[in-house]
1. Within the set of other residues whose C-beta is less than 14 Å from the C-beta of Thr118, count the net charge using Lys and Arg as +1 and Asp and Glu as -1.
2. I need the chymotrypsin sites (Phe, Trp or Tyr not before Pro) found in region 171-219, filtered to DSSP loop residues with at most 16 other beta carbons within 10 Å of theirs.
3. Considering amide H positions built from the backbone, and no H for Pro or chain starts, which residues 5 or more places from Ile191, or on another chain, come under 5 Å of its amide H?
4. Write out the trypsin sites (Lys or Arg not before Pro) in region 172-230 meeting two conditions: DSSP loop, and at most 14 other Cβ atoms within 10 Å of their Cβ.
5. Based on the Cα gyration tensor of region 150-228, what are the three equivalent ellipsoid semi-axes, each the root of five times an eigenvalue, rounded to whole Å and given largest first?
Amino acid sequence: MRARDVMTTNVITVDPDMSVRDLAALLSERGISGAPVVDSSGRMLGIVGEGDLLHRAELGTEKRDQRRHSWWLEHYASGLAQDYVKSHGRAVRDIMTRDVITVTEDTSLADIATELETKRIKRVPVMRDGQIVGIISRSNLVRALGATLAGPGAGAGEDDRTIRTALLTELAQQQWAARLWQQDIIVSNGIVHLWFGSDESEERRRAVRVAAENIPGVRGIEEHLVPVPLMPPF
């Protein structure tokens, strides 16, 4: 499988001038852990996530300097200054990560997994001609693994990609499907794998199954239920 087979294409992006307060609200309301930062032309400037909001002065969680004052402290001055900006900056441009690891649509999932692990990051933007066309997170890879282990075959081929694209296009036109995440739909060897929260209504689950059944080339449908915690994690 490659990036194009599992990536989320309806990418939520943010403006560099967005306030940190609005960013926190957006991440919470949309249920996402991060977003690319783009300018008015769509050019990516950086990426920002929950990790950039952990050490904030408002929460009293800013990083504390535990080092003794000595001759070598000046060597770390730039790092201390960066920590201060992260904890006190008011706009996304102040706290975002500027050196972003990216991949292309043809990057293999094996290479993406290696990047996520070695760089200790949670997501990578997928680029085409300098523009963001998708994003892949760790959860995308977990879904892909689940779909691959469910049946034989080496991975997604062109037919699987066609099926997934057709199904996502159909669901995008349906108001009842607005809450569905693209990462929860993976196609492997003609089998459509659907991940639903355990609190999802049977009506919506049935509607998604019907939509999938009407896509040419679909050989079967498998549902996977994900337990939904009663209380939000802290």
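Readers should treat all values here as calculations from the given coordinates under stated rules, not as data from a laboratory. None of these values were measured; they are calculated from a predicted model. Neighbour counts are summed over all protein chains in view; Cβ atoms, including those assigned to glycine, are modelled from backbone coordinates with ideal geometry.
1. Working: positive: Lys119, Arg120, Lys122, Arg138; negative: Asp111, Glu115, Glu117.
Around Thr118, the surrounding residues sum to +1.
2. Working: sites: Trp176, Trp181, Trp195, Phe196; in loops: Trp181.
Passing sites in region 171-219 are Trp181.
3. Amide H to amide H, under 5 Å and 5 or more residues apart or across chains, Ile191 pairs with Arg219.
4. Working: sites: Arg179, Arg204, Arg205, Arg206, Arg209, Arg219; in loops: Arg179, Arg219.
The qualifying sites are Arg179, Arg219.
5. On the way: eigenvalues 80, 44, 21 Å².
In descending order, the three semi-axes are 20, 15, 10 Å.
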